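Heads up, the thing below is written out as structure tokens.
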Ligand code: SF4
């Protein structure tokens, strides 16, 4: 949607129609064993005036911008005052935009004061897309997420208390064949404590060149098959008590779409999972993804 990006560029699927502006480049963690997203970049916050110039250029190009996503990974890691300045500027230039959002992980949110988060909210930040991946500490350690489940919950609460909507990613299959039950149960427990506005499952799709891929090659990690992933999803849904959270599997990596409002639509979502489990050859075969 906008030229001159520092590629590669990622955004959540639900931000496909948004104006994407890079406030930062890369990911300051860049160490999760399953992730290949920003391996070619070194993290840095872009100069605030450069980002504002991009916003002005976009204003000249687009008469209507429905929403704005501030890339790259973990944009919240940048200085909160500078980020708030960029967001306020974007708000003034694009009054029609319904939301401004960014990625933000617990490792970088936990160091933010409640005042800094409130300042981001007041400047106009509406949603943070937050990678929980798993609520199981052993898995989090194994994949080098850099934070514990308790730190994730604490960071998520701070975001919500600041009035920023929280969209949490869960990575189905991350426990492999061995640890799918602990993954499901501890992830449900963490989500129940977080009570996010959105829960967005994705399914692990190992990428060559990542440490996780190498673990698979050495036989140290055995990927969960489609049936195991569905049983894991079933167990997760059975144990979720996150009233009001929208459950949305809006990602190409997932075997089946499962959408609903918690806790109201739990049975309907479980029925979708059971349908896939009853016809595995139709729904749970190998995935050939060209784009993640
Ligand atoms: S924090 Fe997110 S973007 Fe960064 S390495 Fe981990 S999964 Fe990838």
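Data table
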| item | result |
| --- | --- |
| Checklist (1) at pLDDT below 95; (2) over 18 Å from the mean Cα position of the chain (by Cα); (3) surrounded by fewer than 12 Cβ atoms within 10 Å (Cβ to Cβ) applied to residue 284, failing item | (3) |
| Count of segment 132-151 residues which are away from the ligand (no atom under 15 Å from the Cβ) and either in contact (Cβ under 8 Å) with a residue 60 or more places away in the chain or part of a loop (DSSP other than H, G, I, E, B) (or both) | 2 |
| Elements of type helices (runs of 4 or more DSSP H) in segment 180-239, at least 3 residues being within 26 Å of residue 154 (Cα to Cα) and in contact with a strand residue (DSSP E or B) (Cβ under 9 Å, 6 or more places away or on another chain) | 180-194, 226-239 |
| Within segment 96-115, tally of residues that are touching a strand residue (DSSP E or B) at 6+ places or on another chain (Cβ under 6 Å) and under 14 Å from residue 150 (Cα atoms) | 1 |
| Subset tally (residues that are without any contact (Cβ under 8 Å) to a residue 24 or more places away in the chain and farther than 18 Å from residue 108 by Cα) for segment 8-56 | 5 |
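Each row is one residue, and each column tells you yes or no for (1) touching a helix residue (DSSP H, G or I) at 6+ places or on another chain (Cβ under 8 Å); (2) under 20 Å from residue 228 (Cβ atoms); (3) modelled with pLDDT under 95.
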residue	(1), (2), (3)
250	yes, no, yes
259	yes, no, no
265	no, no, no
269	yes, yes, no
274	yes, yes, no
278	no, yes, no
288	no, yes, yes
291	no, no, yes
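The values are calculated or read from the model by the stated rules, or taken from the named source; none is laboratory data. None of these values were measured; they are calculated from a predicted model. Heads up, the Cβs are rebuilt from the backbone with ideal geometry, glycines too, and the neighbour counts pull from every protein chain shown.
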